[in-house]
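Undergrad: First the structure, then my questions, so here it is.
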Amino acid sequence: MSVATRADSLVAGFARTLVAGAVRPGPGTVQLVTRVLGALVAESAEPPRDAPIVLAATDHCLSAVAEFVATCEDTTRRLRPSVSLALEPSLLLGRFTVEQRWAAPCYALVTPGGAGVSALGWATAAVDSGSVPAAVVCEVVHGQLDGKTAVLAVAALIGPGGSATGGVHAVTEDLDPGAFDSVLLRAARGEVPGT
């Protein structure tokens, strides 16, 4: 069964789903990912420190590439190392893994039109097969709110005994997660067909 088919017919075990977001300018994406993953760990009865993290980072990478190209084409701007480093999605997990001393593997997926589906499908299949006791999925989604660019980080703990829908808890109070196209949010709410 393909990953896309698996995710569409998935009965995922959501133990918890958390959301953090910001309108730009505001906290950077690294801070949002660190905040949402940190809250996920803090709210877990047994922190899943041996759970792999699968990060869906397509929107982040598309935004970073656009910023990189704009900087390269603008002769009045200097190309700083931070602009080119932003192209690497694994750096979004760096602060969290250092602060939490996270030793489990971390994966970053960048798939046009499907990183969220792939990440959710991989994590659920790994838990269902018994390859891992639990998995953390994190999705970074960009969108527009009131004409401003906004970024949302969504994290879900997938584990055995979780429910097919996990309910959603907002870490950031002033942002409506429903305005974003997030596979994790749709699946946690039971809006993905077959869940």
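Undergrad: Which of the residues that make up the stretch 163-189 are open to solvent by less than 30 Å² (accessible area, probe 1.4 Å), within 22 Å of Val127 (Cα to Cα) and at pLDDT 60 or above?
TA: Of everything in the stretch 163-189, those that are open to solvent by less than 30 Å² (accessible area, probe 1.4 Å), within 22 Å of Val127 (Cα to Cα) and at pLDDT 60 or above turn out to be Ser182, Val183, Leu184, Leu185, Ala187, Ala188.
Undergrad: Checking Glu73 against (1) charged (D, E, K, R); (2) surrounded by 14 or more Cβ atoms within 10 Å (Cβ to Cβ); (3) over 17 Å from the mean Cα position of the chain (by Cα): exactly one of these is not met. Which one?
TA: Just one mismatch for Glu73, condition (2).
Undergrad: Right, something else. Please tell me if Val137 is within 12 Å of the chain's Cα centre (by Cα), within 17 Å of Ala188 (Cβ to Cβ) and not in a helix (DSSP H, G or I).
TA: For Val137, the condition - within 12 Å of the chain's Cα centre (by Cα), within 17 Å of Ala188 (Cβ to Cβ) and not in a helix (DSSP H, G or I) - is met.
Undergrad: So in the stretch 76-106, with the set limited to residues that are loosely packed, with under 11 Cβ neighbours inside 10 Å and among the polar types (S, T, N, Q), which one is modelled with the lowest pLDDT?
TA: Among them, the one singled out is Ser82.
The values are calculated or read from the model by the stated rules, or taken from the named source; none is laboratory data. Computed from a predicted structure; not experimentally measured. Don't worry about glycine lacking a Cβ; one is built from the backbone with ideal geometry, like all the others, and counts go over all protein chains shown. Heads up: the accessible areas ignore ligands, DNA and RNA and are worked out on the full protein's heavy atoms, side chains in. Shrake-Rupley method; radii C 1.70, N 1.55, O 1.52, S 1.80 Å.
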